[in-house]
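K.L.:
One structure is given below, represented as structure tokens, and several questions about it will come after.
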Amino acid sequence: MVIRAVLWDIDDTIFDYSGADRVGMREHLEQEGLPDGYDSVEQALAAWRTITDAHWARFAAGETDFLGQRRDRVREFVSRALEDEEADSWFARHAAHYEAAWALFPDVLPVLDLLAGGFRHAVLSNSSIHNQDRKLRTLGVRDRFEAVVCAVELGVSKPEAGAFHAACEALALEPGEVAYVGDEPDIDAGGAVAAGLMGIWLDRGGRGGRPELVRISGLDQLPGLLGPVRP
């Protein structure tokens, strides 16, 4: 089959989530002060990322819901047994700084423009439609995608085949007609391949390895992998 559509991950693929999260948390900590147990902002930033990854994995595995993982991240980070309202308030103050730092990666708009006439586009994210639709609209690219499919509403998340197949169904295409681009080798590219799609690992950080996967280091390399433009 020829590739007719590109299915996109959002965070750390088209949207610089890690950069925005780091800048936002740095600004947040400058106002809130360091929680007990941290000797520097850099130590706190590293801990926040590790805590986020761990609780997001719990959410993806169905062990907690979206708000639950967010609240648990805050509680672990500040090492205090906060009530839900307290955790929500803390996170909201952080989110204001985080959202002020939202940005697309510089290579996103050029490649979307280049591919616009030849391929259809949609999004598959392990987050919620509320978060990701709003994010895409704020970044000015929501109209580039026919559909935004998210795990919270689906009830199944990447790398499960059902998540990829639901996104293909939203496009009315077979998995073999769709390429998936994401920043995680297993959750994104590996999961897509197992589900019958063309999986492409966007390795912006140059981690390397994983020779069994199709790997690119920037989106400028994507058009050459997709094959000829088809009507």
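K.L.:
Which of the numbered conditions does residue 175 fail, given that it passes all the others? Conditions: (1) touching a His at 6+ places or on another chain (Cβ under 9 Å); (2) farther than 15 Å from residue 8 by Cβ; (3) surrounded by fewer than 19 Cβ atoms within 10 Å (Cβ to Cβ).
P.N.:
Tallying (1) touching a His at 6+ places or on another chain (Cβ under 9 Å); (2) farther than 15 Å from residue 8 by Cβ; (3) surrounded by fewer than 19 Cβ atoms within 10 Å (Cβ to Cβ), residue 175 fails exactly one: (3).
K.L.:
Are there any pairs with C-beta distances below 8 angstrom linking a residue in the stretch 94-118 that is more than 19 Å from residue 20 (Cβ to Cβ) and in contact (Cβ under 8 Å) with a residue 24 or more places away in the chain to a residue that is of a type in the set (D, E, K, R) and part of a loop (DSSP other than H, G, I, E, B), with the two at least 6 apart or on different chains, and if so which?
P.N.:
Matching pairs, first to second residue: 118/230.
K.L.:
Considering the stretch 33-57 alone, what residues qualify as being assigned to a helix (DSSP H, G or I), open to solvent by 40 Å² or more (accessible area, probe 1.4 Å) and among the polar types (S, T, N, Q)?
P.N.:
Those that are assigned to a helix (DSSP H, G or I), open to solvent by 40 Å² or more (accessible area, probe 1.4 Å) and among the polar types (S, T, N, Q): 43, 50.
K.L.:
Okay, next question. Mind counting the residues in the stretch 65-89 that are in contact with a His (Cβ under 9 Å, 6 or more places away or on another chain) and open to solvent by less than 20 Å² (accessible area, probe 1.4 Å)?
P.N.:
4
K.L.:
Open to solvent by 20 Å² or more (accessible area, probe 1.4 Å), within 18 Å of the chain's Cα centre (by Cα) and under 16 Å from residue 7 (Cβ atoms): is that true of residue 187 in this structure?
P.N.:
yes
K.L.:
Test each condition in (1) assigned to a loop (DSSP other than H, G, I, E, B); (2) open to solvent by 20 Å² or more (accessible area, probe 1.4 Å); (3) assigned by the TED database to the domain that holds residue 171 for residue 62 and report the one that comes out false.
P.N.:
Failed condition: (3).
K.L.:
Further question: Out of 107, 143, I need the residue that is open to solvent by 60 Å² or more (accessible area, probe 1.4 Å), of a type outside the set (S, T, N, Q) and over 13 Å from the mean Cα position of the chain (by Cα). Which one?
P.N.:
From the options 107, 143, the qualifying one is 143.
K.L.:
Contact list please: Cβ distance under 8 Å, first residue in the stretch 10-21 and among the hydroxyl-bearing types (Ser, Thr, Tyr), second residue open to solvent by less than 10 Å² (accessible area, probe 1.4 Å) and at pLDDT 95 or above, pairs at least six apart or on different chains.
P.N.:
Partner pairs satisfying both residue conditions: 13/181; 13/182; 13/188; 13/202; 17/10.
The values are calculated or read from the model by the stated rules, or taken from the named source; none is laboratory data. On a predicted model such as this, the values are computed, not experimentally measured, just so you know. For neighbour counting, all protein chains shown are included, and Cβ atoms are generated from backbone atoms with ideal geometry for every residue, glycine included. Just the protein is used for accessible areas: all its heavy atoms, side chains included, with ligands, DNA and RNA removed. Shrake-Rupley method; radii C 1.70, N 1.55, O 1.52, S 1.80 Å.
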